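Comments concern the structure below.
The values are calculated or read from the model by the stated rules, or taken from the named source; none is laboratory data. Computed from a predicted structure; not experimentally measured. Cβ placement follows ideal geometry from the backbone for every residue including glycine, while neighbour counts extend to all protein chains displayed.
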Amino acid sequence: MLTKRIIPCLDVKDGRTVKGVRFEGLRDAGDPVALASRYAREGADELVFLDITATNQKRQTLVALVRDVARELDIPFTVGGGIGTVADVEALLLNGADKVSINSAALHRPELIDELARRFGSQCIVVAVDARYTPENGWQVYTRAGTHNTGYNAVAWSREVAERGAGEILLTSMSNDGTKDGFALDLTGAVSQAVSVPVVASGGAGSKQDFTAVFQQANADAGLAASIFHFGEIGIAELKQHLRADGIPVRL
Amino acid sequence: MEIAVIDYKGGNVQSVLFALERLGVQATLTSDEEVIRRADKILFPGEGEAASAMSELRAQGLDRLLPTLTQPFLGICLGMQLLGTHSEENDTELLNILPFEVKRFPADAQHKVPHMGWNTLQRLRSPLFDGLNAEDYVYFVHSYYAPVGDYTIAEAEYPAPFSAAVQHRNFYAVQFHTEKSGPVGTRILENFLKL
């Protein structure tokens, strides 16, 4: 039976993980390869690396990171963060990334999704959708790290990216992100119902029950989180035991 | 041992090279007929779309070479599908090494397409799977599948059974990414190298 996936997300800058990772037994918590290997051993199903480097060396450092991670890691990983061209995507895939996630570039020029899917196959093209809720406008899509409201409806945009050839949607609720109050179940459920490609829910995970809810009530295919894993608040193995006890298929 | 990984611009070959490297095995990425013919083992990875993969194979003459090989051969993902007769993906004629037709998964509310993630292998019947347990998981990413037939040596379900692995003579192939399936995938690669 196909299992629900648990995905830790690592923020990287200049080839190093950032946002404070507290882990015993890691000699250098900033080393993305060491951290990735640890998560893989603990039972992570995939990893996402989000590159927040803003310098001109970005592309080089990201390609080098992808190579280092791919050399060590025997589970799939996605790379995202400011990726904008066919050449960027090709360099990352050729060096061992399994999937590449695009966000602002797709909103800027939606045809990029079609081009990438045709060239590399839908299976490796993830479109990240960052959404925020307001009572007036419902769920709308934001870009540029959440500073810019595109005015697009999140469900309609998700449907469009899937039709253009995205193989997966990485759906982040910016309204829930950092709250630890749980995933946005209404948003996740609406997008999951609207598209026939897998949906990764992100933003708001604070407890094991939050993962149960997003799988059972919102039909997410995967749950992504960062800080609760980095700070050891929830271990991946114990989370998966909990999910299995709740009747959710997971890989143990 | 000489290992050739077939190079036809077919996607993420680097992961396969790294997986072999982790096993302490050096492999050559090549489309050269002589190098391929004298290799002890052949790996044939693949990702992406069937028609463009076939036209690249034809452009390099690999469509004629591959069916004549006699050493142990392992197709991975699209590299498995290409061994069939025909694919629904852009109505593509394939290498015709194994007698299956590649079909698209029908999507429904509970079964997204692509079939993406970790799934169990069932009804294992090959030395390729020595040492595996009934509930071991491997990683799949695909929208098309080969039905179950006499050539099937492992099955998975989504929701109906399909071929997770196939074999005919020296041609072995797996639908999942053995290079990305953790220790289970590593064991399958090791088993292949021992064939």
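Below are the figures for this structure:
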read-out	value
Any hit, the stretch B:21-41, residues being within 26 Å of B:TYR145 (Cβ to Cβ) and within 14 Å of another protein chain (Cβ to nearest Cβ)	no
Any hit, the stretch B:50-68, residues being surrounded by fewer than 23 Cβ atoms within 10 Å (Cβ to Cβ), in contact with a Phe, Trp or Tyr (Cβ under 9 Å, 6 or more places away or on another chain), under 25 Å from A:LEU94 (Cα atoms) and within 11 Å of chain A (Cβ to nearest Cβ)	no
Residue that is of a type outside the set (Asp, Glu), under 20 Å from B:GLN14 (Cβ atoms) and within 14 Å of another protein chain (Cβ to nearest Cβ), where the choices are A:ALA117, A:ALA91, A:ALA87	A:ALA91
Qualifying position, being in contact with a Ser or Thr (Cβ under 8 Å, 6 or more places away or on another chain), modelled with pLDDT of 95 or more and within 14 Å of another protein chain (Cβ to nearest Cβ), among A:LEU187, A:LEU170	A:LEU170
Any hit, the stretch A:221-244, residues being over 24 Å from A:ARG41 (Cβ atoms), in contact (Cβ under 8 Å) with a residue 60 or more places away in the chain and either out of contact with any Cys (no Cβ under 7 Å at 6 or more places or on another chain) or within 14 Å of chain B (Cβ to nearest Cβ) (or both)	no
Verdict on B:GLU179 being within 14 Å of another protein chain (Cβ to nearest Cβ) and crowded, with 16+ Cβ neighbours inside 10 Å	yes
From A:ARG159, A:ARG164, residue being more than 14 Å from every other protein chain (Cβ to nearest Cβ), more than 17 Å from A:LEU50 (Cβ to Cβ), surrounded by fewer than 23 Cβ atoms within 10 Å (Cβ to Cβ) and modelled with pLDDT of 95 or more	A:ARG164
Sole residue being part of a loop (DSSP other than H, G, I, E, B) and among the basic types (Lys, Arg), chosen from B:LYS103, B:LYS9	B:LYS9
Pick from the stretch A:52-80, criterion under 24 Å from A:GLY146 (Cβ atoms) and of a type in the set (A, V, I, L, M, F, W, C), ranking: surrounded by the fewest Cβ atoms within 10 Å (Cβ to Cβ)	A:ALA54
Filter pass, A:ASP45 being away from every other protein chain (no Cβ under 13 Å), acidic (Asp, Glu) and touching a Gly at 6+ places or on another chain (Cβ under 8 Å)	no
Complete set of residues in the stretch B:155-174 that are away from chain A (no Cβ under 12 Å) and either of a type in the set (Ser, Thr, Tyr) or not in a strand (DSSP E or B) (or both)	B:ALA160, B:SER163, B:ARG169, B:ASN170, B:TYR172
Single unsatisfied condition, B:ASP130 versus (1) of a type outside the set (Gly, Ala, Ser); (2) within 13 Å of chain A (Cβ to nearest Cβ); (3) loosely packed, with under 14 Cβ neighbours inside 10 Å	(2)
The stretch B:157-166: number of residues that are within 15 Å of the chain's Cα centre (by Cα) and surrounded by fewer than 24 Cβ atoms within 10 Å (Cβ to Cβ)	1
Any hit, the stretch A:143-152, residues being in contact with a helix residue (DSSP H, G or I) (Cβ under 8 Å, 6 or more places away or on another chain) and at positive phi	yes
Members of the stretch B:50-80 that are under 27 Å from B:ALA154 (Cα atoms) and among the polar types (S, T, N, Q)	B:THR68, B:THR70, B:GLN71
Of residues in the stretch A:96-113 being away from chain B (no Cβ under 13 Å) and charged (D, E, K, R), the one surrounded by the fewest Cβ atoms within 10 Å (Cβ to Cβ)	A:GLU111
